[in-house]
Amino acid sequence: VEDEQGQHQDRSCRQRKADLAAIRGFYGEHGPTLAQRACRCRNFAGRGDHRVWQELNFRHFFNASKLYLAVARCSNKTATSRLIAKTVRSGERGRLQTAATLALCISSPLSRDIRHGVRAIVSPTVSGWWLIVRSGMQTLNMFAGRTLVVATKHGKEQAIAPVLEAALGVRCVTPPDLDTDLLGTFTGEVERTMDPVSTAREKCRRAMDVTGVDLAVASEGSFGPHPVMVFVPGGEELLVLVDRKNDLELVARDLGTSTNFATATLQEESALREFAAKAQFPSHALILRKARDSREHIHKGLRDEAALLSVFHDLRQRFGEVFVETDMRAMHNPTRMAAIGAAANKLVELVESTCPACSWPGFRVTDVVRGLPCGLCGLPTNAASRHILVCEHCGHREERRHPDGKTVEDPMYCEFCNP
């Protein structure tokens, strides 16, 4: 008996190694990035059916999602699909093969044959497996293989394209003749007439019109005092994804205090040097002009000390003082570029958050119900007790209790216990 068990374990080990080797073959040069992005699909754990989720097993779903993302870039999908279909029909019951099959089902030209094989080998007790995988893979398949235009003239594709290409399987391009400054500039030469979301949406529209592509993304940034910590500068980056083909629009936001945004009116060179040091000059560019609201004598993108001092002395000699500000254009501000990348990751999270009723992407929190009880006195606090999620596609509404994983709040945040 022990010999038979040992032989069985050896066969299982060899089979697992063969499975992993086959999957690595699909990865190609994009494998590590695809695997990393695929493992961000954590929203599937919140579907409510914990029994099915336990049967599904995190690891096997990730294997499926990673393989799917790799195959999305594979040039010969038909041959790959035939191979998987043959494996299924042969009666192979390995979970890894099944997961890979489920992943390929969605985009395969032989989907009918593969699904028939899947139904034959997947246990009825894990019927929820297919539903969960399908909802996630349907979202990925909505974008995989498509061209996405990044509406920018300031190099934002450097932060956006790697994230979206790896996570969604799209191919990002940038329109060479798109002038987004016509919709407004930070320095005010062109007034902004629309709110940030509308501005980003218009950027997407113009980029799609110029290129003829039906999928676009655009970024818009706003800087000033943080809305909560008013004495600290804050920055909000939002990304708008517009999909004309599927009549879809998603908006992701990233609000934080990681910004070098600052302004000052100076008269002395020493004050300019101090300002520049705090603004991380010369890695981050500066802008000089004669006054805050002036639209004349504006010198942008200053990243050389000699040029900065020359412009400063010239403006001070002519106007008596100089207004200095950080250049917030993405290609001149690495800190902002990092914030745009963070917003791109949040956009991916939003795409991966699918509606449990219709599997449409963008199932998001639209309202927060506060009043989590204090752990000491039991009175309601300002902490969130429930999140309300709504699907804009089908109208499905869901309420999730204790979104932060807490049933009570720390008394230090209670206005009664710690006024």
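Please treat every number below as a calculation from the coordinates, not as lab data. No experiment lies behind these values; they were computed from the predicted model shown. Here Cβ is always computed from backbone atoms with ideal geometry, including for glycine, and neighbour counts include all displayed protein chains.
Just a few scattered comments:
- J(HN,Hα) series, region 403-419, from Karplus relation 6.51 cos²θ - 1.76 cosθ + 1.60, nearest Hz, glycine and proline x: x, 8, x, 10, 9, 9, 9, 4, x, 5, 9, 8, 6, 8, 6, 9, x
- Residues whose placed amide H lies under 5 Å from that of SER385, excluding near-sequence neighbours: VAL369, ARG370, GLY371, LEU372
- ARG318/THR257 FRET efficiency (R0 30 Å; Cβ-Cβ; nearest 0.05): 0.25
- Using the Karplus relation 6.51 cos²θ - 1.76 cosθ + 1.60 with θ = phi - 60°, the per-residue 3J(HN,Hα) values for region 383-395 come to 6, 6, 9, 8, 10, 9, 10, 10, 8, 6, 7, 10, x Hz, with x marking Gly and Pro.
- Entries of LYS153/LYS290; LYS153/LYS346; LYS203/LYS278; LYS300/LYS346; LYS278/LYS346 with Cα pairs more than 24 Å apart: LYS153/LYS290; LYS203/LYS278; LYS300/LYS346; LYS278/LYS346
- 3J(HN,Hα) from dihedral phi, region 291-306, Karplus parametrisation 6.51/-1.76/1.60, rounded to Hz, x for glycine, proline: 7, 4, 9, 6, 10, 10, 6, 9, 10, 9, x, 7, 10, 10, 4, 5
- Cα Rg, Dmax, region 218-309, angstrom units: 17.2, 57
- Pair GLN158, GLU269: separation of 7 Å Cα→Cβ label points (nm): 3.0 nm
- Projected label distance in nm at GLU296 and LEU379, using a 7 Å step from Cα toward the beta-carbon: 6.1 nm
- Test item: Cα-centred dipole of region 288-327, Lys/Arg +1 and Asp/Glu -1 on Cβ, debye: 140 debye
- Rel. contact order, % - alpha carbon contacts under 8 angstrom, at least six apart, region 200-286: 21 percent
- Descending principal axes extents, region 258-353, alpha-carbon based, whole Å: 57, 24, 17
- Taken over the alpha carbons of region 293-412 as equal point scatterers, the Debye sum produces base-10 log I(q)/I(0) values at 0.11, 0.21 Å⁻¹ of -0.69, -1.14.
- P(r) of region 150-220 over all Cα-Cα pairs, binned every 10 Å from zero, in whole percent: 20, 52, 24, 4
- Selected from LEU168, PRO196, VAL230, residue furthest toward positive end of dipole (region 159-278; charges at beta carbon): LEU168
- Trypsin sites (Lys or Arg not before Pro) lying in DSSP loop within region 205-265, provided at most 13 other Cβ fall within 10 Å: LYS245
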